[in-house]
Each structure stands twice: as C-alpha cells, then as structure tokens.
Amino acid sequence: MEDDLPSEHDVIVIGTGMTESIIAAAASRIGKNVLHLDRNDYYGGLWASFNFEGFQKWVEECRTLKTPSDSVSKNKDLLKDNEILVSCGDQFSTVSNIQEQWHIPDFASAGDNQLSEVKEKDNNWDRSKVKDLSRKFNIDLAPKLLFSRGSLVDLLISSNIARYAEFRCVTRILTWFHDKLETVPCSRADVFSTKDVSVVEKRLLMQLLQLCAEYKPEGNEFKGFENKTFVDYLKSKDLTDSIMHYVLYAIAMGSENTPCMVGVEKAQKFLSSLGRYGNTPFLWPMYGSGELPQCFCRLCAVFGGVYHLKRSNNDIIISKEGDEAVCDGIISDGQRLKARHLVLSVPDAPKTFLQKTTATGISRGIFITNGSILPSEKESLTLLQFPVGKDREPITVIEVGPSTHACPNGLYIIHMTSKQYTNAVDDLKVAVEKLLNTDESDGLFDEAKQSPPRVLWSLYFNCPDTSKSDLSGSVPKNVYLTSGPDLDIDFEFAVKQAKEIFSKMYPTEEFLPRAPDPEELVLDDAEETKNESKEAETEKPDE
Amino acid sequence: MATKKKGLLKVIILGDTGVGKTSLMNQFVNRKFSGQYKATIGADFLTKEIMVDDRVVTMQIWDTAGQERFQSLGVAFYRGADCCVLVFDVTLPNTFKSLDSWRDEFLVQACPRDPENFPFVVLGNKIDLGNAAVPSKRAERWCQSKNNIPYFETSAKDATNVEQAFQAIAKNALAQESEQDLYNEFPDQIKLTGDSNRFNNNDAGCSC
C-alpha cells in the first residue's frame, strides 16, 4: 500500500510529543492542512510511555550510536539554486548517562525448580516473568500530573478532547520528615482526621492554608516578604516544624530557597485544585502520560491531519529572503513537501537551529518494585516531594500501580525526577537509599512484604531541559521549536508553549475551540456536514 | 482513549484505506451513504443503541480517522476494545491480504486478555460492485483458520447485510464484555467534564 504524502501543507509538524501534538490539533481544528511526522514507530517522542519490551528497545536505541545519514547530499537535486538543506537531529543522542540494571536473577535459562517457584507464587519474580508480562506495563519517559484546575484539564474540557482520555486521582501526598514517610493532610477533612498533628497545629495549618488560598496581589498579608523566602514567612507565623514542612515541601512544592511570593502562588495553585475530582489536587492519565499526546493527535486526524510515523530522514529546506532565513518545507524520504509553517521538537531540530539555546538537564530514575514505598490497605497513587537539603531542588517521586495499567498486579512503578546536578544516579541517590531496597536478591519474595520495597529493575538516564531557553534565536522565521519535557510536575508549560506558537502562526484564530460531538455531525454530504456542524455548535454551546 | 462504561461496547473498525469503514459505520448508524469518496474527515466515533437478546446496549464504533493510511494508529486507539471489525474490499485482493497484518497489529497493540478468543468480525464490503475478486470461499477459509471468525459480505451502499453484521458484532462483543466485567477490579476511572460534581463531599469548593 505505497502511497505518497500530499506535497503541500499549511503546517508540517515533526515530533509527536505533547507540545507538538497540541499545536497540530489546534491548527487542524481551524481548518489548516496539517502533516504530522515522527521518526519513531510510536507516538510521543521523549513524552512516550512504553510496555516493558518497548522500553528496553528505547534504551537500546539510546545506546546505539548512529552514524549521521547523508540524506542531505542525496537530496540536493530536489533543491532550487538559492536553497540549502539541513538535517534533523537525533533525539536518542540527547539522552545520556543510561544505567539499566536487573536486581533479580533470570531463572529461564537455568531451567531449575526455582523457575517453577517463581511461576507458582504471585510474589516471586525473575526476569523472564517480568518480560513475559511486558504488555502489562506502561512506563513513562516523562511522568507528569495534571492539576485538577490546571490549564491542561481546562483545555481538554473546552476542546472536547477529554472524551479520548481517562484519569485517576492521585490518592495521597507524602512527605519525608524526621527520616520517615508521612501522609500530608491537604484537604479540610484530612486536616481534621489526621493523627500526626495536634489540635493547635491543626488550627494553625488551617489558618495558613486559608491565607494562601485567598491570596491576592493587592492584599497586605505578605507585605515585607517580597524579597524574602517562603521559609522566612512561615517562620514569622510561629508554626511548628512539621506544619512548616508540610506547607513548604508538599503543598508549595518548594525548597528552602523558594521566594515567598513564588511559594504563596504555588500553594494557592495547589489549594485551588483540591476537591474538584478527589482528595488531592492531581490527576494521572490512565495508561500513563504518553497517552495524552495521542489524544491531541487523534483530534488533529479527525479534522483531516495526515499522520506518518516511522518517517525518518527529514531534511529542512532553507532559503534567504533578504537578510532573513525562511523555510520552504522539508525533504522527507526523497519527497519534497512544502509548508508555510514548520514546527519541530528540540530533539528533532538540526544543530544549527540550537546555537543560541542553553539546556539544563533532567535526572530520571525508574524502578519496578514489589511494593509501595508506604504500603496501605488499598492501592495508592502517590506523589512525594523528597527534600534534598538547602541548595537543591526536591526530587519528585510518583508511584503508580496496576490500577492505572502502569504494571502487572503485585508490582509498582516508582518514578523519580530531579534537576540534573551531576548525573541521574548520583542526583537521585539520597531518595533511592531511603525509599527503596536495591540489593541484589533471588526474587523469591514470598515472605511477608518488607518495607522499603525491593527493586526488581532500575533505569537511570539524563535528558536535556530547554524550557527555560529562548528557542527562536537561530531558526528561520516560519520555524517554531518546541521544548521536550520540562522539570515541572505538570503539563502547564507544554500548554503555554503550544498556545504561544499557535498564536504566532495564526494570531487571529481561536485556539482549540470545542470540537462538536460525533452526534452533532452528519457525515454524508460535505455541504450538509459543514452547515449542520456549525448550527450544532451555535445551538449547543458548552454544557 | 479507552472509553468503557458498563453497557457500552467499544468497537473498532480496521482495514486498508478506502475499503468503506466509515461508510459502513455511517450506513449502520445514520442509514446514509455517500457515493462521493473522500478520506475520512470529521469521522470520530458513532454511537447507536441496539437490542441484543432482550438487552439494550450502546455500541460506540470508532473510526480510524485516517491514521491507518500510513500505518500510524497509536496504541491509545486500541485501548479497551470489546470487538474488532476487519474490513476489506471484495474487489481488491490486496485489501484482503492485509487482514492478516491488521489482525496481528490489533492483537499486539490492544493486547486483549485472551487473544485466542478475542471477538473479531470480518466484513467483505462493496459486493454491490458485482466484480468480486475475493471469492466467498477464500474469505471464509481465512476466517475459519483464525478460530472461526464470523464473515459477512456487505454493501454499505445498498445496506446489504450491514444490520446483520453489526448485530453479530454486538453479540460477540457482549459475550466478551461479561467476561471482562468479571475482572473489572478498578472502577474509579474519571472522565473530565465541564463542571464535575463527581467528588461532591464537604471538600468541594472549600478553601483549605
């Protein structure tokens, strides 16, 4: 079924990460002709989720050094006189410091009776059992949560893309205090029912949360603290250590250096998202974060966007218009494709486009464990900000279990994410040592569950974070770069960047207006469809 | 992209571009047919309530939205499917040959609990054209070899066998669903809606 791609487009998007996918959907939604390509055979790029086998393939790709393709020289004859070609980048080369390790044996090759012991008992694991259950895993490269009243939830609802996705609530927020894990009371009900806090402290905590929730820039409460840290403010309130700790690390998700007003705003954001869908402010996508870009891609496709995965060897055509460089389109697998606008993810961008870009790094750790970091009766979905002393940002820990389809029954996936200081292993060490048991073991865990949980498999890597950098410095004027995943816990940055890029391309157009429900469309005649969907939209505004 | 509620059957339609997936859906749900070919635009999913064995069920039929054209359907599309309909064009043998890979693709991506017994239905479409190049016998043989998949020859244009085929699809999906419900350990999934009052206890709207 060989079929050529259409050769002219309003927008070509390369990379199917979150930001690129939102832009593709938004352009397609307003009737623009969108071509969306990805070099991989899966959606999401560095935002993807994989089953276990897929994840191992990804690790392998990162480790394999590729020789740059010489497609540029091959494609030269498709160029006009004043044009030059630059090759797209290789996203796998941006991932570094990969360290993958098994902490349990492989009995499959041994073929002894230990294998039958593993197979018979649910709590026993060896490598072959994990691999056999590969498809039960959905492991995220960039695990992220949604604030219940954050911009992505709003966008999913207002655009009607929410119909493609399902979520679960984060059920508890933990903190690391006095060398142990504690559940943070964050709602009023939690505050009243907690046994970790005295009555006096409860009152103080409620008052403080009220102040943060009601904060307005013109108010007086925080006067005098504008140039101080959030800790300074909290200290002025005569709080006990544990209350201070809860508010600073779990609710404001800050550190000792967080400026006061940043802390207040973050606390406010946290508090305003409470109670919409559950007891914590956060949602987690079923099947993982990698599901969300695909929801936006589907909307793009429903409105006519053309999709082609496994499309590598893309070169970008650049010519000069006066002093300015402009992009005419791309040459993809030997085919010249014209585009008015080109959107590229940073990992796919040619090196020459990134000359003025500075990147910081992200340290990631992923652990398959045989239990929760804090076992509870019912399966929990957990967020923990693990404090790492004065000079460092906390480590974000997200623990997901089988109910989110992250892993098979009996296992958990623990994600750790931090700013990169040295490398992933060293940066995350302090949390790993306290929360997990990484010792080599025989995998025969059938004795009573231990805490900390045993690690079956671990993976560390570093990847760049370009979200703080201006990406427009070295690109042709109709080319827009999107950052890969950023360090923040949520998707707010991706939504913001997608909106900014969309409004640069189409300043007067609406960003992702509500898509009609299928019942509002009649798929018969083109004319009829158009009119009816319009009527449906005006008659039936958002319910 | 799984949207499963109780009593709701998610059915996905697979097959090569142009075999009539959208037309079949449209004929079944809206009883309409458009002779004018256009690649699927605006087609998302259609829902229809039908009776199966005295039970009312809602079928939600998901179109590929054209993402099949360059084999670019993402794994999210396949989540939670109760039945998979494989469509080919009886006048184009290549679209019949593709069924193998569509079936494999489905089983790999959707990873159903019991792949051997997952309900598929095969539709040989466009029999109204009268120049079938894939004989019924050949299609039936293939279906038999895949654990007896039901086979229907349909015409989305004349509505031939469309109702019957979808009835069979619902019936088979339902058989599968009851089995899955048995194992449905995790009911608390959340769909986002405008103003959720899902979580409607004392905490709602509270400022603490």
For A:Asp490, A:Asp132, A:Asp41, give the ranking by accessible area with the largest first, probe 1.4 Å. A:Asp132, A:Asp41, A:Asp490
How far apart, in nanometres, would the label points at A:Lys378 and A:Lys76 be if each is projected 7 angstrom from Cα along the Cα-to-Cβ direction? 6.7 nm
Probe 1.4 Å, all protein chains present, accessible-area order of A:Ser272, A:Ser403, largest first: A:Ser272, A:Ser403
Set of aspartates and glutamates with alpha-carbon distance to A:Lys235 below 17 Å, sequence-local pairs under 8 removed: A:Glu201, A:Glu221, A:Glu226, A:Glu256
Taking a straight Cα-to-Cα line shorter than 20 Å from A:Lys76, and setting aside same-chain lysines fewer than 8 residues away, one finds A:Lys320, A:Lys338, A:Lys351
Once you compute Rg and the Kirkwood Rh from C-alpha atoms, what is the Rg to Rh ratio for region B:64-153? 0.97
Which links in A:Lys74/A:Lys310; A:Lys57/A:Lys499; A:Lys310/A:Lys499 stretch past 22 Å when you go from one Cα to the other? A:Lys57/A:Lys499; A:Lys310/A:Lys499
Which of the trypsin sites (Lys or Arg not before Pro) found in region A:108-183 are in a DSSP loop and have at most 14 neighbouring Cβ atoms, other than their own, within 10 Å? A:Lys121
Based on alpha-carbon atoms only, what is the radius of gyration of region A:382-491 relative to the globular estimate 2.2 N^0.38 Å? 1.36
What percentage of all Cα-Cα pairs in region A:398-451 are separated by more than 16 Å? 58 percent
Summarise the partner chain shielding of A:164-171 as one whole number: the mean count of Cβ atoms from other chains within 10 Å of each residue's Cβ. 5
List residues of region A:1-31, by number, whose backbone nitrogen lies under 14 Å from a label position 7 Å along Cα→C-beta of A:Ser158. A:26
Percentage, to the nearest whole number, of Cα pairs in region A:217-362 over 20 Å apart: 70 percent
Considering the protein assembly as shown, what Rg and Dmax in Å follow from its alpha-carbon atoms? 27.0, 87
Given that compact globular proteins tend to follow 2.2 N^0.38 Å, what is the ratio of the alpha-carbon Rg of region B:109-174 to that value? 1.21
With Cα atoms, 0 to 90° folded angle of helix A:260-272 axis to chain A main axis: 90 degrees
Run the simple label-point estimate for A:Arg203 and B:Lys97 please: 7 Å along Cα→C-beta, distance reported in nm. 8.2 nm
Roughly how much of A:Thr64 is accessible, in Å² to the nearest 10, using a 1.4 Å probe? 70 Å²
How would you classify region B:14-169 from its alpha-carbon gyration tensor, with a ≥ b ≥ c the square roots of the eigenvalues: rounded for a/c under 1.5, else prolate if a/b is greater than b/c, otherwise oblate? rounded
Within region A:331-431, list the GluC sites (Glu not before Pro) lying in a DSSP loop whose Cβ has at most 12 other Cβ atoms in a 10 Å radius. A:Glu377
Could you list, in their original order, any pairs among A:Lys119/A:Lys378; B:Lys32/B:Lys126; A:Lys390/A:Lys429; A:Lys144/A:Lys504; A:Lys269/A:Lys496; B:Lys97/B:Lys137 whose Cα atoms are separated by more than 18 Å? A:Lys119/A:Lys378; A:Lys144/A:Lys504
I'm checking a number: the convex hull volume of the Cα atoms of region A:1-50, normalised per residue, in Å³. What is it? 95 Å³
Restricting to aspartates and glutamates and to Cα separations under 12 Å from B:Lys146, and discarding same-chain partners fewer than 8 apart, the set is B:Asp100, B:Asp104, B:Glu116
Quick one: if you stick a label point 7 Å off each Cα along the C-beta vector at A:Thr422 and A:Ser7, how many nm between them? 5.7 nm
What's the angle, to the nearest 10 degrees (0 to 90), between helix A:199-213's Cα axis and the longest principal axis of chain A? 20 degrees
Spelling out what I want: for every residue of region B:81-97, take phi, set θ = phi - 60°, compute 6.51 cos²θ - 1.76 cosθ + 1.60 (Karplus), and round to whole Hz; glycine and proline get x. 5, 9, 7, 10, 9, 9, 10, 9, 9, 5, 8, 10, x, 5, 6, 6, 4
Taking the Cβ-Cβ separation of A:Thr240 and A:Thr508 as r and a Förster radius of 51 Å, what is the calculated FRET efficiency to the nearest 0.05? 0.40
Provide the FRET efficiency to the nearest 0.05 for the A:Glu214-B:Ser145 pair, computing r from the beta carbons and using R0 = 45 Å. 0.05
Computed Rg/Rh for region A:80-229 (Cα atoms; Rh = Kirkwood radius) stands at 1.13
Under the classification rounded if a/c is under 1.5, otherwise prolate if a/b is larger than b/c and oblate if not, where does region A:285-405 fall, given a ≥ b ≥ c as square roots of the Cα gyration tensor eigenvalues? oblate
Rounded to the nearest 500 deg cm²/dmol, what is the calculated helix-only ellipticity per residue at 222 nm for chain A, with -39500 (n - 2.57) per DSSP H run of length n ≥ 4? -8000 deg cm²/dmol
Here, GluC sites (Glu not before Pro) of region A:180-249 satisfying both criteria (DSSP loop; at most 15 other Cβ within 10 Å) are A:Glu214, A:Glu218, A:Glu221, A:Glu226
Per the C-alpha gyration tensor (a ≥ b ≥ c, the square roots of its eigenvalues), region A:147-279 is rounded if a/c is under 1.5, else prolate if a/b beats b/c, else oblate; here it's oblate
Once B:Lys48 and B:Glu163 are pulled to full extension, the length gained, defined as 0.36 nm per residue separation minus their Cα-Cα distance, is 40.2 nm
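The values are calculated or read from the model by the stated rules, or taken from the named source; none is laboratory data. It should be emphasised that the depicted structure is a prediction, and the values quoted were computed from it without experimental measurement. In this analysis, Cβ positions are derived from the backbone assuming ideal geometry, glycine residues included, and neighbour counts consider all displayed protein chains. Accessible surface areas use protein heavy atoms only, side chains included; no ligands, DNA or RNA. Shrake-Rupley method; radii C 1.70, N 1.55, O 1.52, S 1.80 Å.
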